[in-house]
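Quick notes on the structure that follows.
The values are calculated or read from the model by the stated rules, or taken from the named source; none is laboratory data. In this text, all values refer to a predicted model and were calculated from it rather than measured experimentally. When we count neighbours, we look across all protein chains shown, and the Cβ atoms used for this are built from the backbone with ideal geometry, even at glycine. Accessible surface areas use protein heavy atoms only, side chains included; no ligands, DNA or RNA. Shrake-Rupley method; radii C 1.70, N 1.55, O 1.52, S 1.80 Å.
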Amino acid sequence: MVSPAIALAFLPFLITLLIRYRHYLVLLYRAVLLGWLQDRLTGVPREQRAFQYVLTHAIPGDPQHILHTFDQWSYHCEHLSCVGPLKGKIVEKLLCERAPRTVLELGTYCGYGTVLMAAALPPAARLYTVEPNPQHASVAEKVIRLAGFDEQTVELIVGHSEEVIPQLREQHGVQSVDFVFMDHWKRCYLRDLQLLEEHGLLADRATVLADNVVFPGAPHFLQYAKTCGKYRCRVHRASLEYCRAIPDGIAELCYTGAR
Amino acid sequence: NFFYFSQCGNFVNTLFLLTNPYFTCTCFRFLITDVSEVNNEEDSAAENQENDRGADKERKRAKPRTRRGHGRGRARHGGEEDGDDEDGTRRAGQRRQRNRRGRGRAGNEGSDSEGDPTKARKNQANQKSKEDDEQEEDEKGGKSGKGKNEKKQDKKVDKKGKKEKANKKKKDKKKSGSGSGSDSEEEPITEEELAKLKEEVEEKKKLIATLRNKPWKMKKKLSVLKEAQLFVEKFEGALGKGKGKKFYAYKVMMTKKWMKFQRDFENFKTACIPWEMKIKEIESHFGSSVASYFIFLRWMYGINMILFGLTFGLVMIPEALMGKPYGSLPRKTVPRAEEATAMNFATLWDFSGFAQYSVLFYGYYNNQRTIGWLKFRMPLSYFLVGVGTIGYSFMIVIRTMARNANEDGGGDDTSFNFSWKMFTSWDYLIGNPETADNKFASITTSFKEAIVEEQESRKEENIHLTRFLRVLANFLALCTLAGSGYLIFFVVRRSQKFALEGLENYGWWERNEVNMVMSLLGMFCPTLFDVISSLENYHPRIALRWQLGRIFALFLGNLYTFIIALMDEINLKLEEEKIVKYNMTIWEASLYNGTIPENSTAPPIQVDPADVPRGPCWETMVGQEFVRLTVSDTMTTYITILIGDFLRAVFVRFFNYCWCWDLEYGFPSYSEFDISGNVLGLIFNQGMIWMGSFYAPCLPAINVFRLHTSMYLQCWAVMCCNVPQERVFKASRSNNFYMAMLLFILFLSTLPAVYTIVSIPPSFDCGPFSGKTRMFEVISETLEHDFPSWFGKVFGYASNPGLILPFILLMVLSIYYLNATSKSYKEANLELKKKLQSMRQKNKNC
């Protein structure tokens, strides 16, 4: 039998772990446990709940206010894994600098990023957004329409990214994209980037943004981008959405491999 | 000269920076330049000649190209015709020929580079003072005179004479080497040509010497330098001519060889420093703070080697060679009850059985006054080695501290920090690309360190919040310390209860509870302190000190708990000893009664020494405890490294391919090197050695082995599984902090050792002091027997308190005086520094 004294000796270790990783524990609670509990209690999925909140609080047709409402909900109710206001600023700034004509977003989720980018798009530009989950897509569709963007500006494609990307040219008439924003599964970043390269969809000097490259992190994607020589890579350091203490970053890749 | 070049490697020398790469890129060339510097005296003489002929310089410069062609042709003839003119053999002739040929080429070079550097050089040289010239001329005269006897008469000449001499020399040269067959009208031209050539060579040498002062671009400097060096390399052989040529060549060669030897010797000396390359490599990747740990470890290794030498050479070896062999005495024999298991691995691993009854422990030694044919005084040697070990340690620690303190005082390391780093970081002696990479990395790290420091010094923050947080952090740390102290206390109490009831009734967990709890606390509390110290927001170097202090308190608690437990056990053993002694008399009596009754003069009865009952021998028990503790401590450290560092690194590295978050950046990540924990582990381990080595002479040997392996293991672990700290910082002066802690621990570990030596009577039947009431009586015994009686008397007077007290008083006073003077010197230094600074400021403003 292990004596209580030996068990007590582990106490400092536990306290150390608790203190050192407290932010991650809070995140675990807010993002996973609370969401699961609410799902059980209300029977409505989290995205739906967020949308209901937005519907009741936001001003229709005002993208900024809709985004703000999303932030409010995430700060006060539950954690929503979208771009978030802090990294949103970086995305917005880069988008305004590049002024692309065709934008591709992988991973729509609730449409937060879509609304953010659509609002910053130059006139006559078009945004394609890909979402594999039909439930999320339906929510996103409603959010986008609520923000006042029609099919001319934003086209929502429901399907897995590895299936959608090869068909972009035939089915959707996309010749090349100038700006790609990745915010879906972190492990699909590398695969999708290579798919885009293979199908020649990246225009010269196209910008590829990848969210969450530090936390949860996409090491292989970053490694590939840094070493393959086709990109100029830069990581913008920021913090995780709605959790200031957890560091995160957006990778900005400038495609130079077309020539 | 050699000193000059050895400094090239010293990258602190900014001035040499510009010329350095060339001296170091090829050893050969560098030696040549060196010789050219030797010959520098000749330079100014040539410059003088130039002054005379300054007017018709252009004309001369035009000439050589055509005439040199002739010269070359002549040389070829001369080589065949007059090869045996003097003692010049064919080889000499060949060399001359080569020189000639080269000269032809270099003439072109000379005229090419005539425009830029040489002119400036000449102008500069013209301003040289007269006396300087004359002096050097004399030297020059001496030089050539050495070779030619006929020149001795015009040793002291003015400039004109000098010129003549030059002419004469040329003539001689010609006669011997080449020109005897040629017409007389060509002779002056050759002469002139040779003089010209010499001039040029000297110019070049001068240029090489002063190149670094030129306000040119680096590229230009490089090309000019290369050119000049090539030129000099080719022609400087032509300078010493005639009869002394061979001797001169020999001298030059020997100088070169000597230089090379000195350089090699220097390299050899560096190569002899153990683990220098390893530590440098670590320093380049992890910064000086981590390297300081390894340097400390190496230093400790050196100390332990000496301790090991003392105990091994003066105690263990004599006893093993000259003492009575195993089995001759009860104390040198395994008792009957233990004989069955004495050779089992588990027993040996526990340092009992055969290991206990060997030279490794106190109990094995006999109390014979002298052993062997050498009349080696074993007990005295044992005592003196024990005392000497501690005395030596004190001395070396204090000396090192004093030296470090001296190093701290000098140097103005606060101003121009970045310029120093910027311009003087590179080490031009680096030869292989790997080292260059390392150096590059280390310079980058040192820049990072400097930037961190600069940031720290400029930071302004909310002072009240910081203070509050610091107080809070200290409070938390104190709570942790108190908690862990109580836990240890509780465990020790419990274990005493177990011991009273008999340990056989309890399981492994209960028996090892104290050790387990202690090592767990020692492992986990530092991490907690680490987390707490992040509250305080100190500079990493200061944070390291706090961390060290806290862990020090924790370890000290552990150590003293251990010692107190040991003291209890000693007291128990002493009581047991009394009973055994009583029983012994009964046993002996029964022995005599049983076998030979009523015979007092009977010979001693032969009993197998294994059967003789014996006392508990508390000294050996203490030694065993310390050895066990050291071994288990070592094992814990190694296992922690293997699990905490290596397995974690393997996990992080290979599971990163299939994990849902980034393991390398995120949660487990790779571990950082824990400087404070490692340093304190080392220090406390050393304290254990100091305490235990009196009772277990094998302890220094075990420690040397441990340090040796841990050097390799930790070097490997650091390079293979650790990542540098987020904030790499410089470890300036923390070395002395380590030393101060070491001194404190040394003091603390001396206390129990001295206490046991002075106040507890040694066991009656084991160890070199058995039969005495106190261990130090061996000294008075030696005084009595081995020294003349007057010496004992003098000693007796000297140890009189009436003499000792004034002596101590005198010592205290002198310490006070020295302290006061050193303080005043320090103040004066500071004042001077301030003055210098203000003067500099004034100069800047003017």
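In chain A, helices alone account for a calculated mean residue ellipticity at 222 nm of -14500 deg cm²/dmol, with every DSSP H run of four or more residues adding -39,500 (n - 2.57).
List nothing, just return the count: lysine pairs in chain A, 8 or more apart or interchain, with Cα separation under 23 Å.
On the way: A:LYS87/A:LYS186; A:LYS87/A:LYS226; A:LYS89/A:LYS186; A:LYS93/A:LYS186; A:LYS93/A:LYS226; A:LYS186/A:LYS226; A:LYS186/A:LYS230.
Here the count comes out as 7.
Computed on the Cα trace of the stretch A:153-259, the radius of gyration divided by the Kirkwood hydrodynamic radius gives Rg/Rh = 0.98.
Among the listed pairs B:LYS205/B:LYS257; B:LYS206/B:LYS260; B:LYS217/B:LYS278; B:LYS221/B:LYS246; B:LYS439/B:LYS834, those with a Cα-Cα distance over 26 Å are B:LYS217/B:LYS278; B:LYS221/B:LYS246; B:LYS439/B:LYS834.
With R₀ set to 30 Å, the beta-carbon distance separating B:LYS375 from B:ILE306 gives a calculated FRET efficiency near 0.70.
For the set B:TYR582, B:TYR638, the ranking by accessible area, highest first and with no ligand, DNA or RNA atoms included, is B:TYR582, B:TYR638 under a 1.4 Å probe. Stokes-Einstein, applied to the Kirkwood radius of the stretch B:800-845 over Cα pairs at a viscosity of 0.890 mPa s and 25 °C, places its translational diffusion at 183 µm² s⁻¹.
If you rank A:THR227, A:THR108 by how much accessible surface each has, with a 1.4 Å probe, what is the order from largest down? Intermediate values should be presented prior to the final figure.
On the way: A:THR227 105, A:THR108 5 Å².
Reading off the accessible areas and sorting them downward yields A:THR227, A:THR108.
Full extension of the segment from B:ILE808 to B:HIS539, taken as 0.36 nm per residue of separation minus the current Cα-Cα distance, would add 92.6 nm.
Sorting A:TRP73, B:TRP659, B:TRP258 by accessible area puts them as B:TRP258, B:TRP659, A:TRP73; the probe is 1.4 Å, largest comes first, and only protein heavy atoms count. With coordinates expressed along the principal axes, the C-alpha atoms belonging to the stretch B:685-797 extend over 67, 32, 24 Å, beginning with the largest.
Please express the Cα-Cα pair-distance distribution P(r) of the stretch B:629-678 as a list of whole percents, one per 10 Å bin, running from 0 to the bin with the greatest distance. Going out from 0 Å in 10 Å bins, the stretch B:629-678 shows 24, 42, 24, 9, 1 percent. Pairs from the table (B:LYS196/B:LYS234; B:LYS448/B:LYS835; B:LYS332/B:LYS581) lying more than 24 angstrom apart at Cα are B:LYS448/B:LYS835.
For B:LEU591 and B:SER780, a Förster radius of 45 Å and the Cβ-Cβ distance give a FRET efficiency of 0.85, rounded to the nearest 0.05.
In µm²/s, what is D for chain A at 10 °C and 1.306 mPa s, where D = kT/(6 pi eta Rh) by Stokes-Einstein and Rh is the Kirkwood radius from Cα pairs? Mind dumping the intermediate values first?
Numbers: Rh = 19.4 Å.
Translational diffusion coefficient: 82 µm²/s.
Both the radius of gyration and Dmax for the stretch B:427-566 are 22.5, 71 Å, in that order, over alpha-carbon atoms.
Rolled with a 1.4 Å probe across the full set of protein chains, the surface gives B:LYS206 an accessible area near 30 Å².
The simple Förster model, with R0 at 35 Å and r as the Cβ-Cβ distance, assigns B:THR255 and B:MET218 a FRET efficiency of 0.70. Distance between the modelled labels on B:GLN606 and B:TYR638, one decimal in nanometres: 4.6 nm (7 Å Cα→Cβ projection).
Just the number, please: Stokes-Einstein D of the stretch A:140-193 in µm²/s, Kirkwood Rh from C-alpha pairs, 25 °C, 0.890 mPa s. Rounded, D is 191 µm²/s.
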